[in-house]
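Down below is the structure, laid out as structure tokens.
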Amino acid sequence: MATTRDYYEVLGVARGADEAEIKRAFRGLARELHPDVSEAPDAQERFRDVVEAYEVLSKRETRELYDRFGHAGLRGGGFTPTQFDFGSLNDLFAAFFGDDLFGVGARATRSRGGDLGVRVEIELVEAAGGTKREVPFPVAVTCATCSGSGAAPGSSPVTCETCGGSGRLQRVSRSAFGEFVRSQTCPACRGAGQQIQDPCPDCHGQGRTVEERKLEVEIPPGIHDGQQIRISGEGHAGDGGARAGDVYVEVRVKPDLRFVREGDDIFATVDLTITDAALGATVTVPTLDGETELEFPPGTQPGEIRVLRGRGMPVLQGFGRGDQRVLVNVAVPRRLTDEQRRLLEQFARSADDETYSADDGFFEKLKSAFR
Ligand SMILES: [Zn+2]
Ligand SMILES: [Zn+2]
């Protein structure tokens, strides 16, 4: 998405700024907003705008077009900002400046270890009460034999011959920005600047080995199906002692056939026979806290809803619980003996409108159940 802000304003330069001023402003902002450096939550967004502004103002044709016709002129001229992902940022800087923005040091930045994901499955009742799980997972750890260097004990890595130890190769290439020197990661040493001639026997030169680990994961009450719990720093080891990645535990909550969950509320149904419904009955219904007895008065109707306040799921990282709603279903006999048929026919003859008419307060009661 192209920004609609004024490009000069984005870079903080005057409209008459020369090439050198524009480049200087861009460099300064890029240093400040680079997502590897900036903590500001909107840094990525602002950085995109800055790159776009620089892309337009650093080239004579696009700058002229913009000066005369603004954003509409650029669009009319077929300009679209270059799309890039933040993973290729160093290449992007190499494109702009012919070398890394942060100098040689940035290349050697140790990369953080990878994240890893594991999945646990719990029952709905466990999700309601909160639970703990031992979660086994394989994780890459720094090799103890070589302390992560990848070189066999007694030997050490040697400087890469292909790149002379810089880890990068300079190449001339063309792009939307014109022709420039682009620096690429050295394929021989993959950017490390060093090569291992005598690899460590335990990790085969990788510097890392795989270890089976177990983590005790605390699952908070009220968790929803598919939510993830992040466990910081327990993921794969980073290169050369850099910070380890994180573990993401995805929690799957198994469906419980007795309940339907909707947010923090729980729905259940209860079956009353026609005689229970007509005469009144006490019935056992399941709740998340175990079974409970519910009393239904004579004349209970199908579709009535009984609300059990505070018997739903706990509010995740909050206070209180949702409600449980119990929907009344009235079971009508499907097969009758001759005797039962006779009794029902006799009942039907004795029944009149009064038998089925609702109390004055019935609809009020029903409405209050929904509140
Ligand atoms: Zn090793
Ligand atoms: Zn190399």
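Only the coordinates and a few stated rules stand behind these numbers; no lab work does. The structure displayed is predicted, hence computed values, not measured ones. Positions of Cβ are generated from backbone atoms using ideal geometry, with glycine treated the same way; all protein chains shown enter the neighbour counts.
Annotations for the structure displayed:
- Converting phi to 3J(HN,Hα) with the Karplus coefficients 6.51, -1.76 and 1.60 and the offset θ = phi - 60°, the stretch 332-346 yields 9, x, 9, 10, 10, 7, 4, 4, 5, 4, 4, 5, 5, 5, 5 Hz in sequence order, with x at every glycine or proline.
- Rough spin-label spacing in nm, given labels placed 7 Å along Cα→Cβ, for Glu211 and Thr275: 6.9 nm
- Other-chain or far-sequence residues with amide H under 5 Å of Phe296's (modelled H): Ala281, Thr282, Val283
- Remark: the stretch 10-23, residue by residue, has Karplus-estimated 3J(HN,Hα) of 4, 7, x, 10, 6, 5, x, 4, 8, 3, 5, 5, 5, 5 Hz, where x stands for each Gly or Pro and the curve is 6.51 cos²θ - 1.76 cosθ + 1.60 at θ = phi - 60°.
- With a Förster radius of 41 Å applied to the C-beta separation of Glu218 and Glu32, the computed FRET efficiency comes to 0.60.
- Here the ratio of the Cα radius of gyration of the stretch 246-327 to 2.2 N^0.38 Å is 1.33.
- Label positions at Ala242 and Asp42, each projected 7 Å from the Cα along the C-beta direction, are separated by 3.0 nm.
- Close amide H contacts of Thr185 (hydrogens built in the peptide plane, cut-off under 5 Å, sequence separation of 5 or more or a different chain): Leu169.
- When both the stretch 197-273 and the stretch 134-173 are represented by their alpha-carbon centers, they are found 29 Å apart.
- Taking the Cα centre of the stretch 153-302 as reference, the dipole from Cβ charges on Lys and Arg (+1) and Asp and Glu (-1) amounts to some 1500 debye.
- In this structure, the amide hydrogen of Cys160, modeled 1.01 Å from its nitrogen in the peptide plane, lies closer than 5 angstrom to those of Gly165, Gln194, Gln195, counting only residues at least 5 positions away or on a different chain.
- Using a cutoff of 8 angstrom between alpha carbon atoms and counting only pairs six or more residues apart, the relative contact order for the stretch 185-244 works out to 18 percent.
- Computed 3J(HN,Hα) for the stretch 281-292, one whole-Hz value per residue from the Karplus formula 6.51 cos²θ - 1.76 cosθ + 1.60 where θ = phi - 60°, is 7, 9, 10, 8, 10, x, 10, 5, 9, x, 7, 9, glycine and proline marked x.
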